[in-house]
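The values are calculated or read from the model by the stated rules, or taken from the named source; none is laboratory data. Quick caveat, the model's predicted, so the values are computed rather than measured. Note that each Cβ is placed from the backbone with ideal geometry, even for glycine, and that neighbours are counted across all protein chains shown. Side chains are part of the model used for accessible areas, which takes the heavy atoms of the whole protein and leaves out ligands, DNA and RNA. Shrake-Rupley method; radii C 1.70, N 1.55, O 1.52, S 1.80 Å.
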Amino acid sequence: MACFFRRSVAQQLSRACGLSEELLIPLVSAVPVSKKQCAADLRVSVNHLLQSGAAIVDDDDGGDLQTRTQVLAAQMKRDAVVEEVIAGRGVIHFRLNKLTLAQKLLEHLHSDPDGFGVKSDLLRPLQGGRTLVEFSSPNIAKKFHAGHLRSTIIGNFISNLKQALGKEVIRVNYLGDWGMQFGLLGAGFERSGSQEQLRTRPLEHLFEVYVEVNREAERDESVRSAAAEFFRRLERSEDQALELWSRIRQITVDQYKHIYQRLGVDFDHYSGESCHHGQTQRVLDELRTRGLLKTTEKGTGVVDLSGAGDMSSYATLVRSDGTSLYLTRDVAAALDRKQRFGFDEMIYVTDKSQTNHFLQLFHILRAMGHQWAERCVHVTFGLVQGMSTRRGEVVFLEDVLEEVRNRMLDNMRQSSTSKVLEEPEQTAERIGISALIIQDFKGPLMSDYKFDWDKVLQAHGDTGVFLQYTHARLCSLLRTHVSETHSCPDVSSLVDSRSVLLLRHLLRYDEVLLQSVNELQPRHLVTFLMALSHLVASALRDLPVKGSPAAVAQARLSLFSAARSVLASGMRILGITPVESM
């Protein structure tokens with residue numbers, strides 16, 4: 001609905017400067033709400049208009065930027081939508097009619113709450129097409145390490161955002177289920193593994209076996225040789241080795257699915273390196289045919305990445321013993337996915353330590369003639385420091401989820417405002433997971449950050465707990481006054497400053513989504529939702545429903561319902577399940 005107002009301004013601009021409305025709409029932006037009050041609701045940069053080809057003042061007139069700004073502002077007319085036009089320094093500000101703002105926004109939010117923002121004209125060029133997102137990607141045969149949390153929740157956010165904006169999204173979990181590390185585990189299990197313990201406590205036992213065999217391999221060459229031999233047996237598809245690998249893989253996936261369910265994350269496909277090891281030979285053959293794969297003196301197979309043909313930079317795809325590497329299997333996986341899914345873009349979500357790996361992958365794909373590699377993106381993130389439980393350093397994500405649920409339960413029991421809930425543990429876990437997500441998403445993804453339990457679970461300040469509290473408070477208000485809610489209330493009372501601030505903030509939702517999808521960064525949406533929650537808190541204090549005249553109460557309920565709808569929409573895109581009571 002923000003585009004209703006942008007289009008109204010764009011129509012006037014179009015008549016004045018000769019550009020089409022569709023070209024002008026993205027140039028008209030909503031003015032962010034701030035403590036420093038601003039009389040304007042929308043603005044347009046005259047410099048951006050000129051760069052887009054606007055004819056404002058003939059060059060012969062010699063008008064500078066400010067002159068052109070004043071000339072164009074003078075041509076804008078006041079009407080039922082635009083109440084005032086102000087020429088700033090190279091910017092034209094538009095103040096909207098408050099009653100029209102309230103009517104149009106609330107009508108749209110009532111008629112199509114799920115479409116508000118996400119179906120904006122501003123976002124229409126991004127709709128359609130197919131996006132494949134690879135994220136989470138833990139290693140099998142190990143409990144889910146807390147280090148994979150960031151990839152999981154960031155990939156889920158990107159998938160949710162793309163889907164909300166009209167993309168077909170394919171969510172892929174590319175498991176680390178092949179390679180020399182599995183050679184070590186296989187050799188270790190054959191030496192000291194227990195079938196009984198594999199059945200009763202699978203991942204704990206496999207972790208113990210892996211730690212022990214690694215320790216032995218450090219001091220015993222025969223163990224390292226046994227690991228290499230086990231991996232060669234896997235690559236040759238020997239039955240006994242494959243049977244053990246297959247059993248361990250399935251046990252791990254079943255365990256992981258339980259964790260993903262708790263996080264509210266789903267995948268369309270569980271893939272893995274193993275799915276593509278049989279395709280690596282075709283990749284290597286094609287690279288040789290194209291003259292890209294070279295054999296070094298050590299017997300390894302490499303691709304020159306230097307650009308100058310001097311091998312100053314290269315990627316290794318084959319070991320000297322002929323076995324494949326992670327990069328080889330990633331090339332095969334990318335080719336297979338393009339053929340199977342026909343994606344328009346593919347996004348990989350991993351930590352920043354893999355930056356060079358993906359630069360090599362995309363370079364090789366382009367060298368093979370696959371121009372779609374230009375639409376492959378690596379979204380990187382930093383490390384979390386200091387995530388530990390009361391019992392000590394965390395290794396597994398399950399420990400983190402238990403910790404956050406228990407801490408949140410303690411906080412809820414001690415709070416004087418907490419209500420008696422039907423499922424307190426589930427509510428505590430949802431709020432706790434919200435807190436984890438918001439803590440992670442508040443800053444740039446590339447940044448490392450220090451984890452602090454006390455800050456994460458605060459009810460006040462910019463936390464996930466505060467978002468959930470705001471949503472639950474709005475739900476409680478709407479439940480209490482459900483009989484008073486009217487589908488088409490008289491909104492003439494919503495022209496006070498507190499109501500207008502809230503409406504103006506909602507006006508920016510589509511712009512925030514656009515910035516989020518362009519940068520694939522959640523912090524913009526988090527900032528918007530936090531500001532929305534603070535505005536709601538002030539509005540709930542200053543705009544009481546109880547005791548107000550019926551028409552005023554209905555208008556305010558409509559405003560609070562709109563705020564709740566947008567808050568819930570944004571939370572779900574972030575991967576947060578909104579709670580209705582707490």
- Residue-normalised 222 nm signal for the chain, counting each DSSP H run of n ≥ 4 as -39,500 (n - 2.57), nearest 500 deg cm²/dmol, is -17000 deg cm²/dmol
- Treat each spin label as a single point 7 Å out from the Cα along the C-beta direction, and report the Leu383 to Ala74 distance in nm. 6.3
- Query: R0 = 35 Å: FRET efficiency of Thr289 with Arg236, Cβ-based, nearest 0.05?
  - Reply: 0.90
- Using the alpha-carbon atoms, what tilt in degrees (0 to 90, nearest 10) does helix 464-480 show relative to the longest principal axis of the chain? 50
- May I ask for the angle, rounded to the nearest 10°, between helix 239-263 and the longest principal axis of the chain, with both axes built from Cα atoms and the value confined to 0 to 90°? 20
- Task: Quick one: check the C-alpha center-to-center distance for segment 277-307 versus segment 86-131, whole angstrom.
- Result: 52
- Message: Under the 0.36 nm per residue contour assumption, what length would be gained going from the current alpha-carbon distance of His48 and Glu204 to full extension?
- Response: 50.2 nm
- Message: Net charge within 15 Å of Ala80 by Cβ-Cβ distance, Lys/Arg positive one each and Asp/Glu negative one each, not counting Ala80 itself?
- Response: +1
- Query: What is the packing order of peptides 376-382, 270-276, 556-562, 16-22, taking the mean over residues of other C-beta atoms within 10 Å and listing the highest first?
  - Reply: 556-562, 270-276, 376-382, 16-22
- What is the extension gain from Glu190 to Thr577, computed as 0.36 nm multiplied by their sequence separation minus the C-alpha to C-alpha distance, in nm to one decimal? 135.0 nm
- Message: Please report the spacing between the Cα centers of segment 325-380 and segment 496-520 in Å, no decimals.
- Response: 34
- Within the chain, what percent of beta bridges assigned by DSSP are antiparallel, to the nearest 5? 50
- Matching label, Cα Rg over 2.2 N^0.38 Å computed from the structure shown, candidates (i) 1.15; (ii) 1.22; (iii) 0.96: (i)
- Query: By the scheme Lys and Arg +1, Asp and Glu -1, what is the net charge of all other residues having a beta-carbon under 9 Å from that of Met311?
  - Reply: -1
- Query: How high is the FRET efficiency from His460 to Asn214, r the C-beta distance, R0 51 Å, rounded to 0.05?
  - Reply: 0.65
- Got a sec? What order do Tyr348, Tyr326, Tyr314 fall in by accessible area at 1.4 Å, biggest, i.e. largest, first? Tyr314, Tyr326, Tyr348
- Item | Summed side-chain charge close to Gly176 - residues other than Gly176 whose Cβ falls under 13 Å, Lys, Arg +1, Asp, Glu -1 | -1
- Query: What is the dipole size for the chain, taken about its Cα centre, with +1 at each Lys and Arg Cβ and -1 at each Asp and Glu Cβ, in debye to the nearest 20?
  - Reply: 1100
- Note on the structure: Carbon plus sulfur, as percent of the 1.4 Å-probe accessible area of the chain, comes to 47
- Message: Could you order the peptides 39-49, 182-192 from most to least packed, using the average number of other C-beta atoms within 10 Å per residue?
- Response: 182-192, 39-49
- Message: Once you place label points 7 Å from the Cα toward the Cβ at Ser415 and Glu243, how far apart are they in nm?
- Response: 5.4
- Message: Just to confirm, what accessible area per residue do you get for segment 267-404 at 1.4 Å probe, in whole Å²?
- Response: 47
- In degrees, nearest 10, range 0 to 90: what is the angle between the Cα axis of helix 355-367 and the longest Cα principal axis of the chain? 90
